[in-house]
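**Student:** This is the structure I have questions about; it appears just below.
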Amino acid sequence: DKARNGSQANTTVEDNSFKTETPKFFGDPLKKIKKISQLAADHPVKQYIQKRQIPPNQHYRLYYAPKFVSWINSIIPNKLATEKEHPRLIIPFIDAEGKCFGVSARGFDPNGLRYITIMFDDVPKIFGLDKVDFKKPYFVVEGGLDSLFLNNTIAMAGADGNASGLTNVENATFVFDNEPRNKEIHKRMEKLIREGKSVCVWPTYINQKDINEMVLAGVTDIEKIIRSNTYRGLEASLRLAAWRKT
C-alpha cells in the first residue's frame, strides 16, 4: 500500500511466531466482530476497502476487529498477551462446511507488522474454500484480497505455491504476483511446472505487481489476460525464462 503512494513498503509482511498453536475451540469466532458490509459508509476501514476497489459484493467476506488482541485472546487465551492492542482487517480462512480455521489479519500501522497469520487448526492456509467449485476451472492466487477480483478463486496465504490441500488440481491455474525478480516466486513456479501444473506467466505489458494494483491502474479483463497467458510443460518453462529477464 505504501508503494502505491510512492514510498517504500514495509518489508515485514508476516510474523511466523503467531502460527505455532492450533487449539480446538467451540463456536464461531467471527460472530464477535463485524463484516465490512456491516460497517457504516463513513467508517475508515470501509473507506479503505472502497479505496482499494474491492467489489462491494465481496465485502461480506471480510471482517474488522477493532480490538484485535482482545479478540484473538478470547479465542486462544493469552495468545497475544504481550501485544499492544490495535485494530486489524480480518481475512478469514473458512472451510467447505463454513468453519473458520484461521485468519490472516492486515494491520494499519505503517511501522508495525503488515500481516499476522493465526491458525486455529493444523491445515493448509487457504482462503476461499467455502466459495470455490473445484469441479470447474479455478485460479490459485497469492493474496486473499486479490482473489476477490476473480471468479472461482482461492488464495494460498503466504504464497506457499504448492498444491497441498487442493482438489482436482488439474483444473487449477496458479497465478503468482507479477515480480520477475523475485527468486522465491521463480522457485515455486518452477516446481509447479515440473509437476505438470498450469501456471500464468504475466505478459510484459503488465507492469503492476499484483491483481489489486492492476485494478487500481485501470487494467480490465484480468481473467482473460490470465487465461491467454497460462502455460504448462516446456512452453511454461520457456515463458518463465523470458519473464524473469524482464
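The values are calculated or read from the model by the stated rules, or taken from the named source; none is laboratory data. All values reported here derive from a predicted model rather than from experimental measurement. Note: ideal-geometry Cβ built from the backbone for every residue, glycine included; neighbour counts use all protein chains shown. Each accessible area value is taken on the protein alone, full model and side chains, heavy atoms only, with ligands, DNA and RNA left out. Shrake-Rupley method; radii C 1.70, N 1.55, O 1.52, S 1.80 Å.
**Student:** Output the 0 to 90 degree angle, nearest 10, between the alpha-carbon long axis of helix 233-243 and the longest principal axis computed from the alpha carbons of the chain.
**Tutor:** Taking the Cα atoms of the chain, the angle to 233-243 is about 80 degrees.
**Student:** In straight Cα distance, which lysines are under 20 Å from K84, not counting same-chain residues fewer than 8 positions off?
**Tutor:** Correct list for K84: K19, K32, K67.
**Student:** List the residues whose amide H sits under 5 Å from the amide H of L62, counting only those 5 or more places along or on another chain, with H placed 1.01 Å from N in the peptide plane.
**Tutor:** Those qualifying (amide H under 5 Å, at least 5 residues apart or on another chain) are I36, S37.
**Student:** Go through K125/K224; K34/K136; K46/K197; K79/K125 and tell me which ones have a Cα-Cα distance over 29 Å in this structure.
**Tutor:** On the way: K125/K224 27 Å; K34/K136 31 Å; K46/K197 37 Å; K79/K125 19 Å.
In this structure, K34/K136; K46/K197 lie more than 29 Å apart at Cα.
**Student:** Sticking with this one: What full-extension length gain, to one decimal in nm, is calculated for V123 and D28 as 0.36 nm per residue of separation minus the Cα-Cα distance? Walk me through the intermediate numbers first.
**Tutor:** Details: separation 95, 0.36 × 95 = 34.20 nm, distance 1.74 nm.
Net length gain for the segment: 32.5 nm.
**Student:** Could you give each residue of region 172-179 its phi-based ³J(HN,Hα) in whole Hz, using Karplus coefficients 6.51, -1.76, 1.60 with θ = phi - 60°, and x for Gly or Pro?
**Tutor:** 8, 10, 8, 10, 8, 4, 7, 10
**Student:** Only bridges with both residues in the chain count here: give the DSSP antiparallel percent, nearest 5.
**Tutor:** Rounded to the nearest five, the antiparallel share is 70 percent.
**Student:** Ranked highest first by average number of other Cβ atoms within 10 Å, how do 201-211, 35-45 line up?
**Tutor:** Ranking the peptides 201-211, 35-45 by packing returns 201-211, 35-45.
**Student:** Need the full-extension length gain, K183 to D42, defined as separation in residues times 0.36 nm minus the C-alpha distance. One decimal, nm.
**Tutor:** 46.7 nm
**Student:** Helix 183-194 against the longest principal axis of the chain: what's the angle in degrees, Cα atoms only, rounded to the nearest 10?
**Tutor:** On a 0 to 90 degree scale, this one is about 60.
**Student:** Placing one identical point scatterer on every Cα of the chain and ignoring solvent, what is log10 I(q)/I(0) from the Debye formula at q = 0.07 Å⁻¹?
**Tutor:** For the requested q values the scattering log ratios are -0.24.
**Student:** Quick one: pull the percent of accessible area on region 94-207 belonging to carbon and sulfur, 1.4 Å probe, ligands and nucleic acids left out.
**Tutor:** Solvent-exposed carbon and sulfur of region 94-207 make up 46 percent of the total.
**Student:** Whole number in Å², please: accessible area per residue of the chain, 1.4 Å probe, ligands, DNA and RNA not counted.
**Tutor:** 51
**Student:** If you place +1 on the Cβ of every Lys and Arg, -1 on the Cβ of every Asp and Glu, and leave all else neutral, what size is the dipole of the chain about its Cα centre, to the nearest 20 Debye?
**Tutor:** So the magnitude is around 260 debye.
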